[in-house]
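Student: Please see the structure below; I have some questions.
The values are calculated or read from the model by the stated rules, or taken from the named source; none is laboratory data. Predicted model only: the values in this text are computed from it and were never measured. Here the Cβ positions follow ideal geometry from the backbone for every residue, glycine too, while neighbour counts run over all protein chains shown.
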Number of protein chains: 2
Amino acid sequence: MKKYGVLGTGDVARVIASKLVELGNEVMMGSRSAANEKATAWARENGERASNGTFADAAAFGEVVFNCVKGVHALEALGLAGADNLRGKILVDQSNPYVYRDGHISLDPAYSGDTCLGEEVQRFLPETKVVKTLNFIGSVMMTNPGELAEAPTAFYCGNDAGAKEAVKGILNAFGWTDTFDMGDISMSRYTEMLGAFWVPLFGQLGTMHWGFRLVTDLK
Amino acid sequence: MKKYGVLGTGDVARVIASKLVELGNEVMMGSRSAANEKATAWARENGERASNGTFADAAAFGEVVFNCVKGVHALEALGLAGADNLRGKILVDQSNPYVYRDGHISLDPAYSGDTCLGEEVQRFLPETKVVKTLNFIGSVMMTNPGELAEAPTAFYCGNDAGAKEAVKGILNAFGWTDTFDMGDISMSRYTEMLGAFWVPLFGQLGTMHWGFRLVTDLK
């Protein structure tokens, strides 16, 4: 049993937080206000190992913290969570710097080009071990990859090898049997682009139940 | 047997042009100058059905034309190819709007955000049927997907249903058994992002022999 903080109250946060509780952990969901209705409801529905509080409360509580807020709010939420509360810890960053317009996604210019959100999160929290993952797939699949007939690939990246190994273990516990270490945190640039695929795929498939599998084996 | 024009003389152009000849077609490789050494050498090495000329010559020659020049040169090359020479024809656009810097790829701001290169090519040639495909994978795999143990997915998009069906046939002839129609040409935005994955994948795998497989079947 471990203590996790989950920042955010949206679909991603609820999926991740509920799975962590289901796996036997203690989880605090953090939001702007300790009285947040969605977080309070989530804690009530998920038993005695589930609780909620402010971003700072959840960051202080967790030995590992998941950033599940929308990308445009990520640095603000992490500022409220507090660098002190996150120092030395693993932060699993799932956020994407997306601008939604005219049925399309584009990358926020502040977090693209020669940088990306993963890099900016690491820069903002230099003493935290940021690992980017699960930002390239719909929330319904994040803890449920085994639903697919072939194993989709979980890409992850970060600067700290030990933190990446720990996150790989969490991915395995979530059901991801195929994982791929992309390198340092700057490789977030590419998964932040890959995540935009949900637009055309949802448009053509009408569902979020899909994944990408990286094929490397030759015949 | 059909007549194809292939614009460009780089790795992509040579792979595509050679495969089209191998499949029994007549192919003219086009470049800025009819005396281009790489194009002349390619034509000499690929038998009597292979020839070369200017961009305009190749565009006029082909019933279907492949755009294999670098993205930053695409509109200039297509301008030299000539809208008249491409009118009513299928243009298979393989170009990506990439800026290479510090070991990373970013999207050229002129062809990203609320647009992309595929859309700008279609806007530049309104009477040509632009189909975007094979821009998301290394040249070594474009005509050789069957090398992989599991079928990678060939994404394609465009505004003209008949043109897309024809291009799907070409993809099948190249060995792509798994194809996915993403929708209209604006969906190029996403494959132009996916193509950037070659950087982290080459970095970690040390090879371009890989592909992405879209997994949609449930267990």
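Student: Of everything in region B:21-38, what is free of Cβ contacts under 8 Å to residues at least 40 places away in the same chain and crowded, with 24+ Cβ neighbours inside 10 Å? Give them in sequence order. Spell out the reasoning first.
Tutor: Step one: list which residues in region B:21-38 are free of Cβ contacts under 8 Å to residues at least 40 places away in the same chain, which gives B:21-22, B:24-29, B:31, B:33-38.
Selection gives B:VAL27, B:MET28, B:MET29, B:SER31.
Student: Still on this structure: Could you list all residues from region A:49-74 that are under 14 Å from the mean Cα position of the chain (by Cα) and either surrounded by 21 or more Cβ atoms within 10 Å (Cβ to Cβ) or of a type in the set (D, E, K, R) (or both)?
Tutor: Residues satisfying the conditions are A:VAL64, A:VAL65, A:PHE66, A:ASN67, A:CYS68, A:VAL69, A:LYS70, A:GLY71, A:ALA74.
Student: Hey, can you tell me all the residues within region B:14-51 that are closer than 21 Å to B:ASN172 by Cβ and in a helix (DSSP H, G or I)?
Tutor: B:VAL15, B:ILE16, B:ALA17, B:SER18, B:LYS19, B:LEU20, B:VAL21, B:GLU22
Student: Given the conditions (1) on the phi > 0 side of the Ramachandran plot; (2) crowded, with 22+ Cβ neighbours inside 10 Å, which single one is not true for A:SER188?
Tutor: Exception for A:SER188: condition (1).
Student: Using beta carbons and a limit of 8 Å, which pairs, at least six apart or on different chains, have the first residue in region B:1-12 and over 13 Å from B:ALA39 (Cα atoms) and free of Cβ contacts under 8 Å to residues at least 60 places away in the same chain and the second one surrounded by fewer than 22 Cβ atoms within 10 Å (Cβ to Cβ) and not charged (D, E, K, R)?
Tutor: B:MET1/B:GLY24; B:MET1/B:ASN25
Student: For A:MET193, are the conditions met, namely being part of a helix (DSSP H, G or I) and within 7 Å of chain B (Cβ to nearest Cβ)?
Tutor: In short, yes.
Student: Please name all residue pairs, on different chains or six or more residues apart, with Cβ atoms under 6 Å, provided the first residue is in region B:172-186 and is among the β-branched types (Val, Ile, Thr) and the second residue is part of a helix (DSSP H, G or I) and at pLDDT 95 or above.
Tutor: Within 6 Å, the pairs are B:THR179/B:LYS168; B:THR179/B:LEU171; B:ILE185/B:GLY118; B:ILE185/B:GLU119; B:ILE185/B:GLN122.
Student: From (1) in contact with a helix residue (DSSP H, G or I) (Cβ under 8 Å, 6 or more places away or on another chain); (2) within 14 Å of chain A (Cβ to nearest Cβ); (3) outside any loop (DSSP other than H, G, I, E, B); (4) not β-branched (Val, Ile, Thr), pick out the condition that doesn't hold for B:TYR100.
Tutor: Among (1) in contact with a helix residue (DSSP H, G or I) (Cβ under 8 Å, 6 or more places away or on another chain); (2) within 14 Å of chain A (Cβ to nearest Cβ); (3) outside any loop (DSSP other than H, G, I, E, B); (4) not β-branched (Val, Ile, Thr), the lone unmet condition for B:TYR100 is (1).
Rundown of residues vs (1) outside any strand (DSSP E or B); (2) away from chain B (no Cβ under 12 Å); (3) of a type outside the set (A, V, I, L, M, F, W, C); (4) surrounded by fewer than 17 Cβ atoms within 10 Å (Cβ to Cβ), yes/no style:
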site: A:GLU76; (1), (2), (3), (4): yes, yes, yes, yes
site: A:GLY79; (1), (2), (3), (4): yes, yes, yes, yes
site: A:ARG123; (1), (2), (3), (4): yes, yes, yes, yes
site: A:LYS132; (1), (2), (3), (4): no, no, yes, no
site: A:GLY146; (1), (2), (3), (4): yes, no, yes, yes
site: A:ALA154; (1), (2), (3), (4): no, yes, no, no
site: A:GLU165; (1), (2), (3), (4): yes, yes, yes, yes
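Student: Residues in region B:202-218 that are within 7 Å of chain A (Cβ to nearest Cβ) and closer than 22 Å to B:TYR190 by Cα: how many? Reasoning before the result, please.
Tutor: Filtering region B:202-218 down to residues within 7 Å of chain A (Cβ to nearest Cβ) leaves B:203-205, B:209-218.
Next cut, closer than 22 Å to B:TYR190 by Cα only: B:203, B:209-217.
Total meeting the criteria: 10.
Student: Conditions first: (1) within 9 Å of chain B (Cβ to nearest Cβ); (2) closer than 24 Å to B:GLY183 by Cα; (3) in a loop (DSSP other than H, G, I, E, B). A:ILE105 passes all but one, so which condition is the exception?
Tutor: Against the list (1) within 9 Å of chain B (Cβ to nearest Cβ); (2) closer than 24 Å to B:GLY183 by Cα; (3) in a loop (DSSP other than H, G, I, E, B), A:ILE105 comes up short only on (3).
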